[in-house]
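The values are calculated or read from the model by the stated rules, or taken from the named source; none is laboratory data. None of the values given here were measured: they were computed from a predicted structure. A quick note on method: Cβ atoms are made from the backbone with ideal geometry, for glycine too, and the neighbour counts reach across all protein chains shown.
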Amino acid sequence: MTALHISTQFDSGAIEVLSLADPGDIRLHIRPDNASEFAQWFHFCLHGAAGLPVRLRFMNAGQCAYPKGWQDYRMAVSYDRQHWFRVDAEFDGTEMQVNFTPASQSVYFAYFEPYSYERHLDLIGLASVSAHVTVERLGSTLDGRDMTLLHITDVTSATPLAQKKKVWLIARQHPGESMAEWFAEGFLERLLDCDDAVARVLLEKCVFYVVPNMNPDGAVRGNLRTNAAGANLNREWAEPTMGRSPEVFLVRQKMQALGVDLNLDAHGDEGLPYNFCVGTEGTPGYSSRIKALEDAFKVSWTATCPDFQTAQGYTKTAPGQANMTLATSWIGQNFDCLAFTVEMPFKDNADLPDTQIGWNGERSKRLGASVLLPILAVVDTLR
């Protein structure tokens, strides 16, 4: 029998091996982010187990950042890193177990379908060839990677640039939430489709500013929630610094220079098996105008995309009690604009479940494409 081996030395690879002597008792430890205690993301390759009944035991699942994320969870598995499917997992409150018989000598396991840094660079490159796109390098992350902003509009349209609405999409502040960058990819693909009537109208009326990956260092390092310095970027918006959170500092600075009429911040939720969005109702500046825009946006999205819903989500924040370090709260308050956090599931959409693949990259892309319709529904009333 070929000796078993687990490898993680690739983009977003993350797991600690406690015991690999018995394929029926492989003991693993979900490691924390490199500079914080958040532990939930894993991504690894098991070699040498073709045809063997394997039991993977995640010994510290109950001590991870979001133990409820393991309830009714099904693990993402792939042989070729292109096509991912789900296998059942069992969680007893302490450890999580997965029983699986690989059909190949090499098989990949991940918390969710990964989105690699190479694919991120490809996304930027493919977008850059469009006549509607200008690529701007804002600066560097702590690990020296580029922070990239895409400016997107129809420069030939009759609408003067100053009159165009300023629509932002930022994604993947939390690097383990890879569905957020899949969402951004779907958004960009539709927006840059010259045969799409919705995209053509929006490019005439708006300038889009898109940051597909807010946290490239954390993504490559295999972190769940933080950057290279251990900063949770979605708690840095009140006072970011170049030393701790340059990703937020640079994007926030650019927002202040350009302005914001609408911001979408794409995320993933470990526990809730639904797609939903969170507005700014708890901010001091929340008004009847913003509420009307929120309602119109959500009504449109619900009517045009069955994968989106409003019945399930987070408890609404009481007036004046918003956490102003969050991107959505800070942006909504400082620009008096419509701002949403978009949440997608790590598990599946319970309203439209798919037992084979669960929620995945392709479904996230389609949700990203679908959000152009609610943007169209509110664009003329954003200011």
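Given the criterion in a helix (DSSP H, G or I), assigned by TED's automatic domain parsing to the domain that holds Ile331 and within 18 Å of the chain's Cα centre (by Cα), identify the matching residue among Asn227, Asn234, Asn223. Selected residue: Asn234, the only one of Asn227, Asn234, Asn223 that is in a helix (DSSP H, G or I), assigned by TED's automatic domain parsing to the domain that holds Ile331 and within 18 Å of the chain's Cα centre (by Cα). Looking for something part of a strand (DSSP E or B) and loosely packed, with under 14 Cβ neighbours inside 10 Å - is there at least one such residue anywhere in region 14-34? There is at least one residue in region 14-34 that is part of a strand (DSSP E or B) and loosely packed, with under 14 Cβ neighbours inside 10 Å. Considering every residue within region 67-77, establish whether at least one is free of Cβ contacts under 8 Å to residues at least 60 places away in the same chain and over 21 Å from the mean Cα position of the chain (by Cα). No, every residue in region 67-77 fails to be free of Cβ contacts under 8 Å to residues at least 60 places away in the same chain and over 21 Å from the mean Cα position of the chain (by Cα).
Within the set Phe249, Phe276, the sole residue that is more than 30 Å from Glu136 (Cβ to Cβ) and surrounded by fewer than 22 Cβ atoms within 10 Å (Cβ to Cβ) turns out to be Phe276. Summed over region 212-238, residues that are surrounded by fewer than 23 Cβ atoms within 10 Å (Cβ to Cβ) and under 18 Å from Gly259 (Cα atoms) total 1.
Within region 60-103, the set of residues being closer than 25 Å to Ala3 by Cα, surrounded by 13 or more Cβ atoms within 10 Å (Cβ to Cβ) and among the small types (Gly, Ala, Ser) comprises Ala76, Ser78, Ala89. The set of residues from region 1-47 being among the charged types (D, E, K, R) and more than 23 Å from Pro67 (Cβ to Cβ) comprises Asp11, Asp22. Residues in region 141-172 that are free of Cβ contacts under 8 Å to residues at least 40 places away in the same chain and part of a strand (DSSP E or B): none. The one condition from (1) in contact (Cβ under 8 Å) with a residue 40 or more places away in the chain; (2) part of a loop (DSSP other than H, G, I, E, B) that Arg363 does not meet is (2).
Checked against the criteria, Phe340 does not count as under 19 Å from the mean Cα position of the chain (by Cα), in a loop (DSSP other than H, G, I, E, B) and not charged (D, E, K, R).
Applying the set (1) closer than 21 Å to His174 by Cβ; (2) assigned by TED's automatic domain parsing to the domain that holds Leu46; (3) out of contact with any helix residue (DSSP H, G or I) (no Cβ under 9 Å at 6 or more places or on another chain); (4) not β-branched (Val, Ile, Thr) to Leu121 leaves exactly one unmet item: (2).
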